[in-house]
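What follows is one structure encoded as structure tokens, with my remarks underneath.
The values are calculated or read from the model by the stated rules, or taken from the named source; none is laboratory data. Computed from a prediction, not measured in an experiment: that's the story for all the values here. Positions of Cβ are backbone-derived with ideal geometry, glycine not excepted, and every protein chain shown enters the neighbour counts.
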Amino acid sequence: MRVTRRLLGACLTPVLTGEPNQRDEVQTGEERDAKNQMTICCSPAPSPVLILGL
């Protein structure tokens, strides 16, 4: 799988604060709507602050 296809999912990271713009195809719709994790390889953050649980 290629990261450019947004299918990998290995970079799925917890979101502690902020709102990610979910662009992956790894999470289910419910998981994306919860906005408590994001694929940092392909999802930007529209919010001015984004704190991740690395």
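Each row is one residue, and each column tells you yes or no for (1) among the β-branched types (V, I, T); (2) in contact with a helix residue (DSSP H, G or I) (Cβ under 9 Å, 6 or more places away or on another chain).
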site: T13; (1), (2): yes, no
site: G18; (1), (2): no, no
site: D24; (1), (2): no, yes
site: T28; (1), (2): yes, no
site: E31; (1), (2): no, no
site: A34; (1), (2): no, no
site: M38; (1), (2): no, yes
site: V49; (1), (2): yes, no
site: L52; (1), (2): no, no
Of the residues that make up the range 23-36, is at least one part of a strand (DSSP E or B) and without any contact (Cβ under 8 Å) to a residue 60 or more places away in the chain?
no
Criterion first (modelled with pLDDT of 85 or more and either surrounded by fewer than 13 Cβ atoms within 10 Å (Cβ to Cβ) or not hydrophobic (A, V, I, L, M, F, W, C) (or both)) does E25 satisfy it?
no
